[in-house]
Amino acid sequence: MKKILFYALLITNCALLFSGCGSDDKVKVGSIKYLNVTEEAMSNLYANNCQFIFFDNMSNMTAALDANQINELSTYESVANYLIASHQDFELARDDFNISDLFCCAMREEDADLKKEFDDAIKTLSANGKLAHLVKEYVIDSNHLETPPVIDFPTFYGAPTVKIALTGDLPLMDYFRPDGLPAGFNIALLAEISKLIEKNFVFVQVDSGARAIALTSKQVDVIFWVVVPKDNDILPVNLDKPDGIILTEPYFLDNLVRVKLRK
């Protein structure tokens, strides 16, 4: 009953906020698949003026925008900057609202010790200025037309191995180079975390829509995640947080924006 009331209030509040999303016709908006929200429910948040279409990966979503199968795609500002730089026909769509998400890592509930190690490492990197340096190098000052450098990871002989899920769907945050090697901001951050907790990291590529299954089935131990900040009064906290997972300290905040084809 509480869940029904929660979503009723959510839809009512968001309908008032987002009533300007479209005109007479629905605006088809592509989005990487949410795990606990259907396309219909997501569309209702926008007062029925937007029709959300979920995709399992960024490649299919950008191809749909190129082919005019969708009118806009929803992603993060840092990712949109890369898409616009690398696709000359893309540009930012007008955005009349401001929604931000916090970047963190997700793990299984039973891996609380691993979460604490990640939390402590993130706090250390924040305190010593290394995190701010990574944000500047890989996000703020990033040249989107250049392939990000290969990032070296330390090897700790005899130490445990942690399997990290990568989707490549948030370039240049979570990204695979043309040669198949992982790169970008999240990867640089993981390299620093690996050094601090002295564990070996290996990467497993999965579709965004399969992240939770990969985690619960123990195919991987860690996945990148985003959550609505507590001080965001537009969408509720933990809107898309599956049961049975725990989240690390956040390490980055970014705004959701929309990208469209140039007219």
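The table below gives the values:
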{"quantity": "When residues of segment 71-126 are limited to those that are basic (Lys, Arg) and more than 30 Å from Asn60 (Cβ to Cβ), the one nearest to the chain's Cα centre (by Cα)", "calculated": "Lys115"}
{"quantity": "Residue check, Leu73 closer than 21 Å to Tyr175 by Cα and touching a Gly at 6+ places or on another chain (Cβ under 6 Å)", "calculated": "yes"}
{"quantity": "Sole residue being under 16 Å from Leu189 (Cβ atoms), among the charged types (D, E, K, R) and touching a strand residue (DSSP E or B) at 6+ places or on another chain (Cβ under 9 Å), chosen from Asp111, Asp119, Asp174", "calculated": "Asp174"}
{"quantity": "Selection from segment 157-169 of residues that are outside any loop (DSSP other than H, G, I, E, B) and of a type outside the set (Lys, Arg)", "calculated": "Thr161, Val162, Ile164, Ala165, Leu166"}
{"quantity": "Within segment 108-157, tally of residues that are in contact with a Phe, Trp or Tyr (Cβ under 8 Å, 6 or more places away or on another chain) and of a type outside the set (S, T, N, Q)", "calculated": "10"}
{"quantity": "Residue that is nearest to the chain's Cα centre (by Cα) [pool: residues in segment 193-223 that are polar (S, T, N, Q) and surrounded by fewer than 20 Cβ atoms within 10 Å (Cβ to Cβ)]", "calculated": "Gln205"}
{"quantity": "Single condition Leu172 does not satisfy, out of (1) in contact with a helix residue (DSSP H, G or I) (Cβ under 9 Å, 6 or more places away or on another chain); (2) within 30 Å of Asn60 (Cβ to Cβ); (3) at pLDDT 95 or above; (4) not in a strand (DSSP E or B)", "calculated": "(3)"}
{"quantity": "Ala112 being crowded, with 17+ Cβ neighbours inside 10 Å, assigned to a helix (DSSP H, G or I), assigned by TED's automatic domain parsing to the domain that holds Ala191 and at pLDDT 95 or above", "calculated": "no"}
{"quantity": "Strands (runs of 3 or more DSSP E) contained in segment 49-109 and holding at least 1 residues among the hydrophobic types (A, V, I, L, M, F, W, C), in contact with a Cys (Cβ under 8 Å, 6 or more places away or on another chain) and surrounded by 20 or more Cβ atoms within 10 Å (Cβ to Cβ)", "calculated": "50-55"}
{"quantity": "Residue list for segment 8-26, filter: within 19 Å of Tyr76 (Cβ to Cβ) and at pLDDT 50 or above", "calculated": "Cys21"}
{"quantity": "Matching residues in segment 82-92 - criterion: being out of contact with any helix residue (DSSP H, G or I) (no Cβ under 9 Å at 6 or more places or on another chain) and either within 17 Å of Ile32 (Cβ to Cβ) or not assigned by TED's automatic domain parsing to the domain that holds Thr62 (or both)", "calculated": "Tyr82"}
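The values are calculated or read from the model by the stated rules, or taken from the named source; none is laboratory data. Source: prediction; values computed, not measured. Glycine gets a Cβ as well: all are built from the backbone with ideal geometry, and neighbour counts include every protein chain shown.
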